[in-house]
Structure formats: C-alpha cells, structure tokens
Amino acid sequence: MDTSNKIDIIRLNTSSYQGEDFHQREKEELESKFPVSYQSEVNPSRDHILITNSYSDIDSLDLNEKTKLIIHPNSGYDNFHLDIVQNSPCPIIIGNEIRMNAVVNYTISCLLKHLNKLSSSKEWDSTRTWNRILPENLKILVIGHGHIGEKVTSILKSLGASPLIYDPYKGYTELDNNGAQVVLVCASLNPKSKAFIDKSFLDALDSSALIINGARGKIIDQNALIDFLKLNKESFAYLDVFEKEPYSRGEFSDLDNISPTSHIAGVHNSLNFDIIKFECKILESYFSSPSREDFERENQAALLQNRIRENFLI
C-alpha cells in the first residue's frame, strides 16, 4: 500500500474488554474513510496521529512537530500530566462522550435498584405494601456537573427529586452534605477532588447514606469509607472504581453493605463501535478543518487543553 501521501495513525494500547479483533476492525474502518496508514509504532520521520488510552505511558512519548493530533477515547486522563498538556505540539482530544450514557445508566440503575427492592409474589398479597422511598423524598447530592453529572441531575429531576449539586468549576460552589442520604459521584479527578470524600465528609452524612461512584476511585478515601460502612450497617456503597485497581481479592469480604464491580460502568455491548465512531468523528473534523484553530474551536468541549485551571487539569 502506498503510504507516501498518508499520515500514520498509531494505536498505543487497548483494554482487555475490547477483544482480540479490535485492532483489525479499527484499522479497516479508519483506513477506509481517511488518508491514514494504521501502524503499530511511530516512525519519527513521518507525520502521525496517536490514539491513546488510560494504560498509555504518556511520559515516555516523544511528542514533537511530527505529532499532529492525539485522540484519547477515554473519559479519564490521569496519565496526562499538566506539563505534557501545556507543552503539547498538537491538540489532545478526550472522549468523555463515548461512555457518558453508560455511566449515567450505571449510576441511576444502582440508585433505583437500591431504592426499589422488588419481590415477586407467587400468590396475591392482600397487604399490597411496598417498603421503599422515592427519590423525591431523599436529600441527594450530585458531585460534579459535567457531561455525566448534568444528565444524572436531569433524570433525578424527572423522577421528582431536587438534587443538590456541587461543582465549583460550574458555579455550584456551596457544598451541603450534612445529612445527605444519597451521594452520587460524577466528578473528574484533580488535586482538589482527590480524597474529597474523606472521614469528615462521611461523618456529616445520614447514617444510612447510599454512595455511588462510577467516576474516579481516588475521589473517595477508601479506608475512611470502609470504616463508615462498618460503623453504619444501614449505609451502602456501589463502587465501580477504586483507589488502586485491580482491588485485591477479599478486600471487601467482611462487608455486606458494598457492591464492588471491576471498572465496568462505561462498558457495554456496542462500546467498540462507539469508540471507533468517535475516532471517525474527530478525524473527519481534523481533515476538514482549514486550520488548527478551526479544529480546536469545533471540538472545544473535548479539548484537553481547555481543562487547565490554575496549575492542574479539571
């Protein structure tokens, strides 16, 4: 294949859930639609586009004038340090939208599952009672009001709830967690959100509080949470992300009021399709934009450089 007039595209890492055939599917799709040559490693003499993920060692990359674009089709970008983003020779595009609906689904599913424990009746129950609390009667706190938090809040309101929101980067600066009965974590990880849910935060909650985290594990001080769950037997936590992944076998074996899952909140049957679809959308924009400025303007919501605040990434 003649690659002289094409730009190289290099996929640095894949995740285990993507399957063995993902590389081939991605290669066929991208090469059929765009003037790119799908390669396994960077040729330093050729222009190239990088596709990264959360396992990519960004610090080891030689980013230079030949690096034209970085597509990071993940919502987490902990492996991109501030200095790399600030000094990047090219736009860095993150894929928050790819898993957005799946994580919203996880968050709301856990909430409704916990509130609506439904038992089937083989025989007619003449009492016709259902011991449950509706969201509208709960003090619900949503931490983070980005893509996911905004959708979660909208769904809660459609169910009659009046959720409180905390996100200082979106103008929601007042934190009211005193007596909160539900805490939904929808925030990104940064120096100010790390261990935000600590002992003092937890001690202010209702003793039967429900905590759901499908966002970033290090937002919660895990030891403080375990102590809270042990002390408050009516409380419960759904955790899909953890301070250290994978979590160790038996780490939560002595707790009955926790439901851990293996960082799958954003995983679903058509995820691979959605990842490639997102990459195609970004490449279409890249190749059709008259200039870098036009490309960045069109993709400003996904541009990692736009997440620089003070001296960190939000």
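Just one of the numbered conditions (1) more than 24 Å from C186 (Cβ to Cβ); (2) in contact with a Gly (Cβ under 9 Å, 6 or more places away or on another chain); (3) assigned by TED's automatic domain parsing to the domain that holds A204 is not true of L239: (1).
Out of S40, S54, report the one residue that is under 21 Å from the mean Cα position of the chain (by Cα), closer than 14 Å to R11 by Cα and hydroxyl-bearing (S, T, Y).
S54
In this structure, is K281 assigned by TED's automatic domain parsing to the domain that holds L111, out of contact with any strand residue (DSSP E or B) (no Cβ under 9 Å at 6 or more places or on another chain), over 18 Å from A195 (Cβ atoms) and modelled with pLDDT of 95 or more? No, not satisfied. In segment 2-18, the qualifying residues are those that are surrounded by 12 or more Cβ atoms within 10 Å (Cβ to Cβ) and not polar (S, T, N, Q), and the one that is nearest to I276 (Cα to Cα) is R11.
Considering segment 17-34, and only residues there that are among the charged types (D, E, K, R) and over 16 Å from P73 (Cα atoms), the residue that is modelled with the lowest pLDDT turns out to be E20.
When E150, E97, E123, E174 are checked against the criterion of being closer than 30 Å to A302 by Cβ, exposed (fewer than 12 other Cβ atoms within 10 Å of the Cβ) and of a type in the set (D, E), a single residue qualifies: E174.
Could you identify the single residue in N190, N137 that is free of Cβ contacts under 8 Å to residues at least 40 places away in the same chain and outside the structural domain of L304 (by TED's automatic domain parsing)?
After applying the criteria, what remains is N137.
Total residues in segment 27-56 satisfying the condition of being over 21 Å from E284 (Cβ atoms) and either free of Cβ contacts under 8 Å to residues at least 24 places away in the same chain or in contact with a helix residue (DSSP H, G or I) (Cβ under 7 Å, 6 or more places away or on another chain) (or both): the figure is 2. Within segment 132-166, the residues that satisfy the criterion of being basic (K, R) and not in a helix (DSSP H, G or I) are R132, K139. Counting only residues that are more than 19 Å from I70 (Cβ to Cβ), β-branched (V, I, T) and out of contact with any strand residue (DSSP E or B) (no Cβ under 6 Å at 6 or more places or on another chain), segment 1-43 holds 0 of them. Taking segment 225-263, which residues are hydrophobic (A, V, I, L, M, F, W, C) and surrounded by 14 or more Cβ atoms within 10 Å (Cβ to Cβ)? Selection gives L225, I226, F228, L229, F236, A237, L239, V241, F242, F252, L255, I258.
Filtering segment 224-238 for residues that are polar (S, T, N, Q) and in a helix (DSSP H, G or I) leaves an empty set.
Of everything in segment 196-220 that is in contact with a helix residue (DSSP H, G or I) (Cβ under 7 Å, 6 or more places away or on another chain) and part of a loop (DSSP other than H, G, I, E, B), the residue that is surrounded by the most Cβ atoms within 10 Å (Cβ to Cβ) is G214.
The values are calculated or read from the model by the stated rules, or taken from the named source; none is laboratory data. Since the structure is predicted, the reported quantities are computational estimates derived from the model, not experimental observations. Glycine also receives a Cβ, built like all others from the backbone with ideal geometry; neighbour counts cover every protein chain displayed.
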